[in-house]
Amino acid sequence: MAISTQRRKQVLQNHGLWGNRNLRGFTSRKSFCVLLISLAVIAILPPIFFHFKLRRFHQMQLRKCSWLNDPPLVCAHGGDTTKAFPNTMTAYHTALHIPVDCIEIDVSRSSDGVLFALHDRYMLALSYA
């Protein structure tokens, strides 16, 4: 049983729906605005989420490899021991001319109060006895 176009038009006019321009795709302007806002939110949220996710990942990598940004100091222990005996004035002078951050000197005090540079605390390690 087919309904004629004339009958359909009459039913729609009785309900106030015939000639309503909002029926072309969206039922109201409000639903169009809601759809537009939801699409904008869907388009904006993933980049924001991944921005903070990558930022957190980068912070974790910096925490794991912080020494890459702030490398450790190069310290000449006892002077430049490749060109002179350690803890000698020659070793200290040559260490001043190589690219080191610091020179470490082991200072000890003798029983009579004199300061001297010696790496080993005991003289037996230096003697051949």
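Computed extension length for Ser38-Thr88: 10.3 nm, one decimal, from 0.36 nm per residue of separation with the Cα-Cα distance subtracted. Which FRET efficiency value, to the nearest 0.05, do you get for Ile48 and Ser28 by plugging their Cβ-Cβ distance into 1/(1 + (r/R0)^6) with R0 = 22 Å? Result of the calculation: an efficiency of 0.15.
Calculate the FRET efficiency for Ile98 and Arg55 from the Cβ-Cβ distance with a Förster distance of 35 Å, rounded to the nearest 0.05.
Efficiency at R0 = 35 Å is approximately 0.30.
Between Phe116 and His77, the contour length at 0.36 nm per residue exceeds the alpha carbon distance by 12.5 nm.
Taken together, the values in this text are just the output of simple stated rules run on the coordinates, not laboratory data. Fair warning: this is a prediction, and the values are worked out from it, not measured in the lab. Heads up, the Cβs are rebuilt from the backbone with ideal geometry, glycines too, and the neighbour counts pull from every protein chain shown.
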